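Undergrad: Got a structure here, written out as structure tokens. Questions coming.
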Amino acid sequence: MNAASGVPTGESVNSTRPLKPTVLVYDLKDSLQAAQRFQCVAGIDDSAGKEGSCVFAVDVCRQGQWAEVFASPVVRGGAAPAKIDVDISGATQ
């Protein structure tokens, strides 16, 4: 996993080519060091209509080792978003 930059790398929503993964990295230090859970709702924007599909995943780094702790089923345009609620206790990223 290359999570060095945390910068989204996707292409336009109107692209006919597959999009590159978007990677967001949160450093869990200072005020976030005590965080125990990561919760969010992730989906495809309504403007996409029935187009598009994706899988949302959450990886955490504990003691220098990355591990996937969540992967959604395929979410398609027009479908309900994925609800994500994972334990991040002890994670640094």
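The values are calculated or read from the model by the stated rules, or taken from the named source; none is laboratory data. This one's a predicted model, so the numbers in the text were calculated from it and none came from an experiment. Reconstructed Cβ throughout: ideal geometry from the backbone, glycine too, with neighbour counts over all protein chains shown. Quick note on the areas: whole protein, heavy atoms, side chains included, nothing else; ligands and nucleic acids left out. Shrake-Rupley method; radii C 1.70, N 1.55, O 1.52, S 1.80 Å.
Undergrad: Could you list, in sequence order, the residues of region 20-44 that are among the β-branched types (Val, Ile, Thr) and under 17 Å from residue 85 (Cβ atoms)?
TA: Initial filter on region 20-44 (among the β-branched types (Val, Ile, Thr)): 22-23, 25, 41, 44.
The one that is among the β-branched types (Val, Ile, Thr) and under 17 Å from residue 85 (Cβ atoms): 41.
Undergrad: Any residue in region 54-66 that's open to solvent by 80 Å² or more (accessible area, probe 1.4 Å): show its pairings with residues that are assigned to a loop (DSSP other than H, G, I, E, B) at Cβ separation under 9 Å, as long as the two are six or more apart or on different chains.
TA: 55/72; 55/73; 55/74; 63/90; 63/92; 66/1; 66/3; 66/93
One line per residue, one yes/no per condition, for (1) out of contact with any strand residue (DSSP E or B) (no Cβ under 7 Å at 6 or more places or on another chain); (2) modelled with pLDDT under 95:
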position: 42; (1), (2): no, yes
position: 46; (1), (2): yes, yes
position: 51; (1), (2): yes, yes
position: 64; (1), (2): yes, yes
position: 76; (1), (2): no, yes
position: 87; (1), (2): no, no
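Undergrad: Quick one: count up the residues across region 67-86 that are on the phi < 0 side of the Ramachandran plot and surrounded by 13 or more Cβ atoms within 10 Å (Cβ to Cβ). Break it down into steps so the answer makes sense when it comes.
TA: If we filter region 67-86 for residues that are on the phi < 0 side of the Ramachandran plot, which is where we start, we get 67-77, 79-86.
With surrounded by 13 or more Cβ atoms within 10 Å (Cβ to Cβ) added as a condition, the list becomes 69-70, 72, 75-77, 79, 81-82, 84, 86.
Selection size over region 67-86: 11.
Undergrad: Turning to a different aspect of this structure: Counting only residues that are over 18 Å from the mean Cα position of the chain (by Cα) and either closer than 19 Å to residue 20 by Cβ or assigned to a strand (DSSP E or B) (or both), how many does region 42-64 have?
TA: 2
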